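Notes follow the structure.
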Amino acid sequence: MNAFLLNVIFAGVWSALVGEVDVPHLAFGFLVGYGVLWLMRPLIDDSYHRKLPMLIGFVLFFLRELTVSTLRVAWEVVTPDDKRRPGIVEVPLDAKTDNEITLLANLVLACVVGIVRGQRGGRQVHPGGGQRDIPGRFVDQFRMGNQ
């Protein structure tokens, strides 16, 4: 049985023992189950304890980038100066499978970029802020995040 399913079962058992099945009790049961599984690491697959924190980190990173990009677009809309210089930037990809490329394209589109198109080797991206003058910096930010 995989560790995530076992953790979900622990969350359900916790809620059943408490007597209330709602989001706070399920979330707390999930955390308790994660702790129990962490103690049982030698007995089960350890990759679960590496993947879950990475997934949570990615979700938080994406939400931050989504918020920043939305605020940038809002700022461009409300300021009277039109400093935008739209363009299309070629971004090389490390993604290999169709699922990876589709997920990447959908995440980029959600961040108010505009257009994503291309082949397996790279994607052409239309940056929403019009960063055509600095394609190298845009590509680095796209590949590594705004660090």
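Below are the figures for this structure:
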read-out: Simple spin-label estimate for V59 and V18 in nanometres, 7 Å along Cα-Cβ; value: 1.7 nm
read-out: Neighbour-count order for H25, H49, fewest beta carbons within 10 angstrom listed first; value: H49, H25
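Only the coordinates and a few stated rules stand behind these numbers; no lab work does. This structure is a prediction, so every number in the text was calculated from the model and none was measured. Cβ: placed from backbone, ideal geometry, glycine included. Neighbour counts: every protein chain shown.
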